[in-house]
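Please read the structure below before turning to the comments.
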Amino acid sequence: MTWALLSRAVQAFLVVVAMTVIVFVGIHAIGDPVDVLISPVADQAERDRMEAAFGTDKPLWEQYRNFVREAARGDLGRSFVYNQPALGIIFERLPATLELAVAALILAIVIGIPLGLYCGLRPESPASRVIMATSILGFSLPGFWMGLMLIMLFAVQLGWLPSTGRGDTVSVFGVRWSFLTRNGLEHLLLPALNLAMFKISMVLRLTRAGVREIVSMDYIKYARARGLAPSRIVGVHILKNIMIPLVTIIGMEFGSTVAFAIVTESVFAWPGIGKLIIDSINVLDRPVIVAYLMTVVVLFVLVNFTVDVAYTALDPRARRRKAA
Amino acid sequence: MSALAFPAGARPRAQSPWRQAFAKVARSKSALAGLVVLGLIILAAVFAGLIAPQNPYDLVQLDIMDSSLAPGSKASAGFTYLLGSDPQGRDMLSAMLYGLRISLFVGVGSAIIACIAGATLGLVAAYAGARVEALLMRLVDLQLSFPSILVALMILAVLGKGVGNVMLALVLVEWAYYARVARASALVERSREYIEAAECLAVPRWRVVMRHLLPNCLPPLIVIATMQVARAISLEATLSFLGLGVPVTEPSLGLLISNGYTDMMSGKYWISFYPGLALLVTIVAINLVGDRLRDVLNPRTLQ
């Protein structure tokens, strides 16, 4: 167990290192920041001074070494646009994105699991067929278009919910949250639903498949034969056994939810890191792009590592397989 | 044993497994509907120049007096804006037909290139020895552990807009799926007797791979490719919506939707709605066919 944990940790670290190289080289390919920032009338001396200030006069490997040294200290440069530390800007916007992603996952669980249970237990009922057919839409609908349609229906036509922004926020420990006010919750609902739609379909299908597999098992027949209440069979014997793969996959999906928040945030003008990265790419704000990518990569690796460890700890079969 | 496992020596009947598969796909009602709709969509896209009431990118044909008309309005040029017009007075139906062409071209093109590149790397991984295999498969794992949209975004941030760049980004996002599937099925197939027999006959390695191994690895690759076309079209639309995909001079469906974003807030829904609907119908049709293909080509359900 300790050995497996250690090897996973080393792997996670290597992924982060590999990504710093890819991000660094990729960002280099975009172009020289000196070309973007320098005045067109500047002479060679001015240019040399600027290159020295950015460190772009040094060979690439030395620049990379400096980049890693600075990054380890938490310094990923200053944004060209905001003239603030790039990492600071990311962390200022991160809570909004995390709030949105967590809300979406909660919706996926609260809606997906009960519907999946129903479809798994009554696969032939007309309601199940309708739910399953609708879930194909959940997979096929391009997220941004569905977001637009949600705005059109609930914000423009019906006027029930606001279309853009975060609404009123409450500050807790210096971080602003929307979900603590009624107005903020109203602003959160549509973007969260939009981001959750794909996950709802996925959770629903996974739950259904798991339930259908387990229902025909001998121990479920035995539980029925013993005369246990159906609620107990579903709640304990079925649900508990589908939970392990489900929780693992939902955990793994957290990273992709944060990534796809880019789309939802752009549609709903939600002021998180997803909207920030699109704005930054459009104005070529390199430090912010780098800071975003590094933050997301570390977030990803951390989440996947945690889920992997939790899965190994929870599922005895996985533990044995890993040992073998 | 299925017919698919013995294509060698079955040259005169080489068409038959595919024709069989097609017949089986068409037997499902939903897949047949998907196939018909898809056929119509492809025809509409290919012949966009003939059926569109207007060439939406010929500025001479646009009339600014016709801007943002509701569906069904009469154009000053005489025809009817069946699906309305955009702020430049462009017929939405025509714009969609031309946009569909670009969406399909990018989606299908990137899927084919990714399939060839990925399958080649997958076969190389299966045949080239442990070190190359480990390296390639680690690369695949690394790639697949990051969401496609993030990878595509990074690539386009580096390369900039453009139809070619979007296709390159999609290929770089998708190759890993094909590589994984190609390697897995190649590993299964190469231990079969017919490969052993071919090797005993001293058939050259490349010939064994190309003529015997590859045809038998194709069914799962075709299923993946079908599904990936739908994903590629959707991803391209998303990237274009975010302003990082195709340029304004070659608008795909995604860019048309993006253009209508601000008008939608003032109730002019048709500029975003209809291109999105076209996108949705295309993706659903491809997925229906793909779902059925998976059932038909799955060796476990073939018997």
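The values are calculated or read from the model by the stated rules, or taken from the named source; none is laboratory data. This is a predicted model, so every value here is computed, not measured. FYI the Cβ positions are ideal-geometry reconstructions off the backbone, even for glycines, and counts take in every protein chain you see. With ligands, DNA and RNA removed, areas are computed over all heavy atoms of the protein, side chains included. Shrake-Rupley method; radii C 1.70, N 1.55, O 1.52, S 1.80 Å.
Applying Stokes-Einstein at 4 °C and 1.567 mPa s to the Kirkwood radius of the range A:52-133, computed over alpha-carbon pairs, gives a translational diffusion coefficient of 75 µm² s⁻¹.
Divide, for the range A:204-324, the radius of gyration over alpha carbons by 2.2 N^0.38 Å, where N is the residue count. Intermediate results must be reported in sequence, preceding the final value.
Values: Rg = 20.8 Å, N = 121, 2.2 N^0.38 = 13.6 Å.
That works out to 1.53 for the range A:204-324.
So what's the gap between the Cα centers of the range A:177-203 and the range A:135-154, to the nearest angstrom? So the separation of the two Cα centres works out to 14 Å. For A:VAL236, the solvent-accessible surface computed with a 1.4 Å probe is close to 60 Å², ligands and nucleic acids excluded.
In the range B:143-188, the residues whose accessible area drops by at least 20 square angstrom when the other protein chains are added to the isolated chain are B:SER145, B:PHE146, B:PRO147, B:ILE149, B:LEU150, B:LEU153, B:MET154, B:ALA157, B:VAL158; the probe is 1.4 Å and only protein heavy atoms count. Buried by at least 10 Å² relative to the chain on its own: which residues of the range A:123-149 qualify, computing accessible area with a 1.4 Å probe on protein heavy atoms? Residues meeting the cut-off: A:ILE136, A:LEU137, A:SER140, A:LEU141, A:PRO142, A:PHE144, A:TRP145, A:LEU148, A:MET149.
Is there a quick way to get the dipole size of the protein assembly as shown? I mean about its Cα centre, with the Cβ of Lys and Arg at +1 and of Asp and Glu at -1; what is the value in debye to the nearest 20?
Magnitude of the dipole: close to 3040 debye.
Taking the square roots of five times each eigenvalue of the Cα gyration tensor of chain A, the equivalent ellipsoid has semi-axes of 45, 27, 15 Å, listed largest first. Once B binds A, the 1.4 Å probe can no longer reach about 3100 Å² of accessible area, counting both sides.
Estimated from helical segments only, the mean residue ellipticity of chain B at 222 nm is -22000 deg cm²/dmol, where each DSSP H run of four or more residues counts as -39500 (n - 2.57). Report summary: the helix-based calculation at 222 nm, which adds -39500 (n - 2.57) for every DSSP H run with n ≥ 4 and divides by the residues of chain A, gives -24500 deg cm²/dmol. Just checking the listed ones, B:THR282, B:THR249, B:THR120: in the Gaussian network model of chain B with Cα springs under 10 Å, the one fluctuating most is B:THR249.
For the protein assembly as shown, treating each Cα as an identical point scatterer without solvent, what Debye log10 I(q)/I(0) comes out at q = 0.06, 0.10 1/Å? Values, matching the q order: -0.38, -1.09. Here's the picture: charge each Lys and Arg Cβ at +1 and each Asp and Glu Cβ at -1 in the protein assembly as shown, and of A:VAL288, A:MET217, B:LEU144 the one pushed furthest to the positive end of that dipole is A:MET217.
Among B:175-182, B:31-38, sorting by the average number of other beta carbon atoms lying within 10 angstrom of each residue, highest first, gives B:175-182, B:31-38. Largest GNM mean-square fluctuation across A:PHE173, A:PHE80, A:PHE154, computed for chain A with C-alpha springs under 10 Å, falls on A:PHE173.
Rg/Rh, computed from the Cα trace of the range A:150-229 with Rh as the Kirkwood radius, has the value 1.29. In chain A, the sites counted are trypsin sites (Lys or Arg not before Pro) in DSSP loop states with at most 14 other Cβ atoms within 10 Å, and the longest stretch holding none of them, exclusive of the sites, is A:74-225.
Close amide-amide hydrogen proximity is noted between B:THR80 and B:ALA75, each under 5 Å apart and 5 or more residues distant or on a separate chain (H modeled in the peptide plane; Pro and chain starts excluded).
Compare the Cα positions of B:PRO53, B:VAL124, B:ALA237 along the charge dipole of chain B (+1 at Cβ of Lys, Arg; -1 at Cβ of Asp, Glu; about the Cα centre) and return the one farthest towards the positive end. Positive-end residue among those listed: B:VAL124. How many angstrom lie between the C-alpha centres of the range B:166-213 and the range B:225-288? So the separation of the two Cα centres works out to 35 Å. Simple rule: put +1 on each Lys or Arg Cβ and -1 on each Asp or Glu Cβ in the protein assembly as shown, find the dipole, and look at A:MET252, B:LEU256, B:SER266; the Cα lying farthest toward the positive end is A:MET252.
Measuring max minus min along each principal axis, the C-alpha atoms of the range B:236-291 give extents of 38, 25, 15 Å (largest first).
Which residue fluctuates the most in chain A, going by a Gaussian network model with Cα springs under 10 Å, if the choices are A:ALA96, A:ALA72, A:ALA209? For chain A, modelled as a Gaussian network with Cα springs under 10 Å, the answer is A:ALA72.
Residues of the range A:150-176 with accessible area at least 50 Å² lower in the all-protein-chain context than alone (1.4 Å probe)? Listed in order, they are A:MET152, A:VAL156. Surface exposure of the protein assembly as shown, expressed per residue as accessible area with a 1.4 Å probe, stands at 49 Å².
In angstrom, the C-alpha Rg and Dmax of the range B:70-223 are 22.5, 75. Here the dipole of chain B is about 1160 debye; that uses its Cα centre as origin and unit charges on the Cβ of Lys and Arg (positive) and Asp and Glu (negative). Each principal axis of the Cα cloud of chain B was evaluated for its coordinate range; sorted largest first, these ranges are 76, 43, 28 Å. Computed over protein heavy atoms with a 1.4 Å probe, the carbon and sulfur contribution to the accessible area of the protein assembly as shown reaches 66%. Note on exposure: A:CYS119, B:CYS115, B:CYS200 ranked by accessible area (1.4 Å probe, complete protein assembly) read B:CYS200, B:CYS115, A:CYS119, with the most exposed listed first. What you get for the range A:108-225, charging only the Cβ of Lys and Arg (+1) and of Asp and Glu (-1), is a dipole of about 200 debye around the Cα centre. Both radii were evaluated on the Cα set of the range B:133-205; the Rg over Rh quotient, with Rh as the Kirkwood radius, amounts to 1.20. Taken as Cα centroids, the range A:240-277 and the range B:125-161 sit 21 Å apart, rounded to the nearest whole angstrom.
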